[in-house]
Amino acid sequence: MGLARQVDVTASAMASPDAAHHPAPSHKRRKSQIGLAFIAPFGALFALVFIVPILYAVYLSLFQDKLIGGNTFVGFANYGKLFQDPQFWDGVGRVFRFTLVQVPIMLIFAMALALALDSMRVHGTRFMRVTIFLPYAVPAIVATLMWGFLLGVKYGLFGSLNDAFGTDLDPFAPGTTLISIGVMVTWAFTGFNMLIFYAALKAVPRELYEAAAIDGANELQIVRAIKLPALRGSLVVTIIFSIIGTFQMFNEPQILPSMVANSGVTTFYTPNLYAYNLAFTGSQQGYAAALALVMAAITITVAYVVQIRGLRNAPDQ
Amino acid sequence: MHPISSRRLYTVENPRKSTTLTVMTALFMLYCLLPLVWLVINATKSQADFVSSFGLAPGREFALWDNIVQVFSYQDGIFSRWLLNTVLYVVVGATVSTFLAALGGYALAKLDFRGKRVFLFVVLGSISVPGIALAIPQFLLFAHVGLTNTPWAILIPSFINPFGLYLMWVFTAEAVPNGLLEAAKIDGAGEFRTFLQIALPLLAPASVTVLLFSFVSIWNNYFLPLIMLKDPAWYPLTVGINQWNKLGSTAGNGALIQNLVITSALLTIIPLIIAFLSLQRYWQSGLSLGAVKG
């Protein structure tokens, strides 16, 4: 998930391609095509790593591997099957529910922390900033391990708690596993989002605050009138990151079952996990490709809607 | 609450510290630190202590060194192999991807070529395609040409970092003055030499940012190596640790090795934390620029 979230800063760039503000001097245009040589290595590898696989996925999604006859062209049958597949929709529903709860909680925390640190009223600001960001550097496998043990009842703190108080709490019971995953994901990415908000706040000219203070504005008014509007662009970006990240959720549910028995994590817990299991343990590559493409379409649509809505009526975009 | 005279001591740049705000921020910091503290404490315990003692209390014996020795010797020292693999993937992958991103970002910001807008649209648009939509066909394509189960299966995808390209594009537009480039060309430098000797040094902060984030994403990558590699000899740390984890928690007749899993997990995150802490001045400025432009 880390890679996905980090990479998606680019999505927002589509809204503000600033190359337009820096036109190359006219004499360069004459011997123009030199840029092609610079972009060629990236372009060629990009085609190999992105374009060709996507086209291949489209091709694959039109085939089914049948017991008799082998790989058979089936047209859009995989897509038809997918739309009636309750296991697929179960996963889609789960990531939507997860997104609706976890993303707002995480981003509100991230924003509050960024505002607190930016106010310079917190002791040890630098230390706090770095510490809160640290979880981002932890691989998902290690994060899942640590949280699996912390929240686990067998060797973990919840086991100790239950022993001490005679309770019977289990954060990885089927009904609460998704919440526990939420705790893990929030842990991993709040700091990263906080830094993005923090960076946006740092870009606000300090004189604005002084001017507002002279005009008699108190701190809350400054936050409402200056700081929150300044965060709007980054909020759109972070929402898009987070949505794409949660829609791709894979690592946590893939790793957890090996640590916790009866966590309620199924092979189709999230769409990505389902696609992985279809392709690599079920040999249904065509069906998995169709699933992945439909998820891509859903993700792009949601990200696009967020971007359009988020930037509508924005003062400077 | 406070008389005007005492408030004058505090300015916008240096306001009065707030205890409430500090405590609230510190509470969140504890949430961030708790698992890491747990990891450090438990890496010092023997397997017997791990099973029997309270999670946040030290064990009866201090077994950290013993655990580290065991990590490096278990299964004929395969951990060293995983560590070397990870270093290979990270060093080659991050270096190449950063250089390609700088080259491409520079071209987008300072050079003209046909199809620039289409290129940007396709690169930026393709970012929202989920990893799995790429990984399955990537795996099948690589399998066709015999690249799966080789380091190339991990390296080639890591060479492309669209986020890096974006950062470099934004950064070049901001930090590399056109006048300097023109002066270099008037002095007779070719386009590539101008890029290498004039632009690249100016792009150092952005390069550190892109390098560091590539470093992290390759070091932490789990999904791609999981599907691409079958032979444990090519595993990176993440996949290797998970293999031990499976072995360690489900060993029916074998020995439990959770102490090794925990110690190896700690060893895996230490280099990243060091990299982040020692380079924070650079990557924070790079990230700021990306965030502001976004």
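Points worth noting:
- Taking a ≥ b ≥ c as the square roots of the eigenvalues of the alpha-carbon gyration tensor, the stretch A:81-207 is classed oblate because a/c is 1.5 or more while a/b is no larger than b/c.
- Cut-off 17 Å (backbone N to label point 7 Å along Cα→Cβ of residue B:230), residues of the stretch B:140-182: B:140-154
- Positive dipole terminus of the protein assembly as shown, leading residue within A:205, A:40, B:213 (C-beta point charges): A:205
- By definition, a body whose alpha carbon gyration tensor gives a ≥ b ≥ c is prolate when a/c is 1.5 or more and a/b is larger than b/c, and the stretch A:54-117 fits this prolate description.
- Pairwise Cα inverse-distance average, inverted: Kirkwood Rh of the protein assembly as shown (Å): 25.8 Å
- ³J(HN,Hα) computed for each position of the stretch A:44-59 - Karplus, 6.51 cos²θ - 1.76 cosθ + 1.60, integer Hz, glycine/proline x: 5, 5, 4, 4, 5, 8, 10, 5, 4, x, 5, 4, 5, 5, 4, 4
- Test item: B:103-110 mean partner chain Cβ contacts at 10 Å: 6
- Average partner coverage of B:219-232, which counts Cβ from other chains inside 10 Å: 4
- Accessible area ranking (1.4 Å probe, heavy atoms, ligands and nucleic acids excluded), largest first, for A:224, B:60: B:60, A:224.
- Cβ crowding within 10 Å averaged over residues, with B:140-148, A:170-178 ranked highest first: A:170-178, B:140-148
- Protein heavy-atom surface of the protein assembly as shown, 1.4 angstrom probe: 66% of the accessible area is carbon and sulfur, with nucleic acids and ligands not counted.
- Shielding value for B:16-23 is 5, the average number of Cβ atoms from other chains within 10 Å of each residue's Cβ.
- FRET efficiency estimate (nearest 0.05) - Cβ-Cβ, residue A:179 to residue A:223, R0 22 angstrom: 0.15
- Solvent exposure of residue A:111, expressed as accessible area, is near 40 Å², computed with a probe of 1.4 Å over the protein chains only.
- Shape of the stretch B:121-272, Cα gyration tensor, a/c cut at 1.5: prolate
- Put simply, the amide H of residue A:63, placed in the peptide plane, has neighbours under 5 Å in A:74, leaving out anything fewer than 5 places away on its chain.
- Between B:262, B:68, B:132, the residue with the greatest mean-square fluctuation in the GNM of chain B (Cα pairs under 10 Å linked by springs) is B:132.
- Kirkwood radius, the stretch B:46-133, all distinct C-alpha pairs, inverse of mean reciprocal distance: 18.2 Å.
- Rounded to the nearest 0.05, the FRET efficiency derived from the C-beta distance between residue A:51 and residue A:81 at R0 = 41 Å is 0.95.
- Label point distance in nm, residue A:204-residue B:118, each placed 7 Å from Cα along Cα→Cβ: 4.3 nm
- Convex hull projection area averaged over all views, chain A, Cα basis, nm²: 23.7 nm²
- Pairwise FRET efficiency - residue A:68 versus residue B:65, Cβ, R0 = 60 Å, nearest 0.05: 0.50
- 5 angstrom amide H check on residue B:148, placed H, neighbours 5+ away: B:143
- Within-10-Å neighbourhood charge of residue A:121 [Cβ basis; K, R +1; D, E -1]: 0
- Couplings 3J(HN,Hα) of the stretch B:262-271, computed from phi: 5, 5, 5, 4, 5, 4, 6, 8, 4, x Hz, in residue order, whole Hz [Karplus 6.51 cos²θ - 1.76 cosθ + 1.60, θ = phi - 60°; x for Gly and Pro].
- In terms of the mean number of neighbouring beta-carbon atoms within 10 Å, the peptides B:42-49, B:227-234 order highest first as B:42-49, B:227-234.
- B versus A: buried accessible surface, summed, Å² (probe 1.4 Å, to nearest 100): 10600 Å²
- Counting only Cα atoms, the size of chain B along its three principal axes is 77, 72, 34 Å, in decreasing order.
- A 1.4 Å probe, protein heavy atoms only, puts the accessible area of residue B:53 near 30 Å².
- Karplus 3J(HN,Hα) series, Hz, for the stretch A:33-41 with 6.51 cos²θ - 1.76 cosθ + 1.60 (x for Gly, Pro): 4, 4, x, 4, 5, 6, 8, 4, x
- Sparse-neighbour loop sites [chymotrypsin sites (Phe, Trp or Tyr not before Pro); the stretch B:41-110; at most 15 other C-beta within 10 Å; DSSP]: B:54, B:62
- B:24, A:259, reordered so the largest accessible area comes first (probe 1.4 Å): B:24, A:259
- Springs join every pair of Cα atoms under 10 Å in this Gaussian network model of chain A, and among A:233, A:91, A:69 the largest mean-square fluctuation is at A:69.
- Per residue value of the accessible surface for the protein assembly as shown (all protein chains in place, 1.4 Å probe), Å²: 42 Å²
The values are calculated or read from the model by the stated rules, or taken from the named source; none is laboratory data. Because the structure is predicted, anything quoted here is derived from the model rather than measured. Backbone-built Cβ (ideal geometry, glycine too); neighbour counts: all protein chains shown. Only protein heavy atoms, including side chains, enter the accessible area calculation; ligands, DNA and RNA are left aside. Shrake-Rupley method; radii C 1.70, N 1.55, O 1.52, S 1.80 Å.
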